[in-house]
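Here's the structure, in structure tokens; my notes come after.
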Amino acid sequence: MSLVRSRLHAMIHRAARSLLQDQGIHNEEDLVLELEIPKIAEHGDYATNAAMTLTRLLRKHPRAIAQDLVERMEGRDDLLAKTEIAGPGFINFFVRPERWSDVLQAIHAQRDAFGRQDFGKGTRVQVEFVSANPTGPLHIGHGRGAAVGDVLANILKTCGYTVDKEYYINDTGKQMDTLGRSLYLRYLECLGRPVDFPDDHYKGEYMKDLAREVVDRFGDRYLAVSEQEALPFFTQYAGDRILEGIREDLAVFGVFHDIWFSERSLHENGALQRTMEALERSGMIYEHDGAKWFRSTAYGDEKDRVVVRANGATTYFAADLAYHKNKYERHYDMVIDIWGADHHGYVPRMMAGIQALGRHPSDLRIILVQLVNLLRGGKPVAMSTRAGEFVTLREVVDEVGKDAARFIFLTRRSDSPLDFDLETAKKHSNDNPVYYVQYAHARLCSVFEVAEERGVPTSWATPPDLRVLTEPAEWDLMKQLGEFPYVLETAARNLEPHRVPYYLTDLVSAFHSYYNHNRILSEDPALTQARLYLADALRTVIRNGLAVLGVSAPQKM
RNA sequence: GCGCCCGUAGCUCAGCUGGAUAGAGCGUCGGACUUCGAAUCCGCAGGCCGCAGGUUCGAAUCCUGCCGGGCGUACCA
């Protein structure tokens, strides 16, 4: 069962191809046809600018090309009531209203699988996200990255990609040492020893909790050894416990990574060393001022970058090069990194890095997620990480709920900063779109409950007569339902998860309006059956859409 | 200084990768529950798409330069 949109698209594509072949032109891969829904109803249900884009190849007037295309479109009478050529060369398509209900049958046949596609063809994709240093709990900014990464992975999966979600653990280096020492000092403090707690150490309350935990479990045994001997334990302990906490916070938020990748392993198994040697062999590394530099300017970075410091220690970037080399060695066709926007200066060197390692720039997609401003009732909530005074992701999720938090994180393009207001996130009104969407689902479920109470049939071995759906609002709903797979497709191709919540909000808005103007359960049995069939399809698509977002679809609210 | 991102209705944001007459929600004001859920719906008002050039049949969208905001600019991670 093919949908109106894809039938139409295929029809135009065939016509264009045959037109080009008659002219002896065979570069079909250039043939990208856009099928849009015009803003104005008089311009039809769908429109294409195909004729205009073909002018360059065919060297003819766009309107003449449009005419040729229309004439070559086979089988259009079954699908279309009318075709018009308008303006500079648009082709406007008016779909036969009875065709809209085709989508309902497709939805009923596919159920949970409606929206699933296979154009990803099993392409192996890795999405790396969150990857927060295990030095403290996740904050709200990490939450946004978590939501974007998780949902992007879901979207790609439903489009036929093979996706792994990965967390890169920065479990080595100076910050880990500082973390361990912070815990050690809090430990001493806890046992009544006077300490001078440095300003650049981790001062958060959670470190004091951890210190008390160490005292409870291990008593004062680390007073007997020197700081140097004690530190490895404290570093390990702090890192492990904090990472555990991060896992829990992510689980509560509904995010589960497939792979947890240790940075330290790259140091220990020689991968870092091998990466440096490989780059040296290809002449991408040189020495200067006693340090080793990576020649990232060769690929457009503004300056070269140090990989091995004069004191012999490797930099974070060196490890990241080894990490990305490792990713490709694991045979990912595409790697997606999701970073906080404050790391944007890091992009050019990373892109240079993968090219130096022999990969094409398109093999690495870096998504920058802008900052989150946390508000309460319109007023900024103070968030000073240094002072250890920040609102954690966990606190936000506990307060507003997983569903609201996830949805709000996704109702903005990633590269746009986000104001997250705790009060509106809890409001059950229209300025909080989560409940708007969920309410539609609950409402639909409720209709089915009532129908069953009244003994009205609510399941169908064969579809009811759908010709009785003659309201324009019904056609519009069915048309929008048919767009769902296409929305997922564009979200996947552009790596733009925000399209899904926007689509759902639009769909549900049309439904609420319809619901207020029409009765699903009426005196007319045939009409009732058809409308229930439509309602069931709506319920399915809302549920599928919310599932992609990792948001629940409640039957009652 | 240089680099990246962002300037669209009073506020928060979409705008399908260059299409036709600019789109939602909130907020203001006014209306709709004896009916399947009013966490809903309907209506009114609101715009020099930051400014100025350029590219072409056509620009909110692409290019250049300004103005304004955010973030970067380590032999930190």
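The values are calculated or read from the model by the stated rules, or taken from the named source; none is laboratory data. As the structure is a computational prediction, the values presented were derived from the model and not from experiment. Methodologically, a virtual Cβ is constructed for each residue, glycine included, from the backbone with ideal geometry; neighbour enumeration extends over all protein chains shown. Accessible surface areas use protein heavy atoms only, side chains included; no ligands, DNA or RNA. Shrake-Rupley method; radii C 1.70, N 1.55, O 1.52, S 1.80 Å.
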Entirely in segment A:57-155, the helices (runs of 4 or more DSSP H) that have 3 or more residues that are within 16 Å of RNA strand B (Cβ to nearest atom) and at pLDDT below 95: A:62-72
Residue, farthest from RNA strand B (Cβ to nearest atom), within segment A:395-423, restricted to residues that are modelled with pLDDT of 90 or more and of a type in the set (Ser, Thr, Tyr): A:SER414
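Going through segment A:226-270 one residue at a time, which ones are at positive phi and surrounded by 16 or more Cβ atoms within 10 Å (Cβ to Cβ)?
Result: A:GLY254, single match.
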Conditions (1) charged (D, E, K, R); (2) at pLDDT below 95; (3) within 23 Å of the chain's Cα centre (by Cα); number of the one not met by A:ARG386: (3)
Qualifying positions in segment A:156-189 - open to solvent by less than 10 Å² (accessible area, probe 1.4 Å), more than 16 Å from RNA strand B (Cβ to nearest atom) and outside any helix (DSSP H, G or I): A:GLU166
Residue check for A:LEU364: more than 23 Å from A:PRO137 (Cα to Cα), crowded, with 17+ Cβ neighbours inside 10 Å and under 24 Å from the mean Cα position of the chain (by Cα): yes
Qualifying helices (runs of 4 or more DSSP H) (wholly inside segment A:190-269; at least 1 residues being closer than 30 Å to A:ASP164 by Cα and touching a residue at least 60 places away in the same chain (Cβ under 8 Å)): A:227-252, A:263-268
Enumeration of residues in segment A:491-537 that are aromatic (Phe, Trp, Tyr) and either part of a loop (DSSP other than H, G, I, E, B) or under 18 Å from A:PHE409 (Cα atoms) (or both): A:TYR502, A:TYR503
Considering residues of segment A:194-211 that are more than 39 Å from the chain's Cα centre (by Cα) and open to solvent by 50 Å² or more (accessible area, probe 1.4 Å) only, the residue nearest to A:THR135 (Cα to Cα): A:ASP196
Matching residues in segment A:436-465 - criterion: being among the small types (Gly, Ala, Ser), within 34 Å of the chain's Cα centre (by Cα) and surrounded by 15 or more Cβ atoms within 10 Å (Cβ to Cβ): A:ALA440, A:ALA442
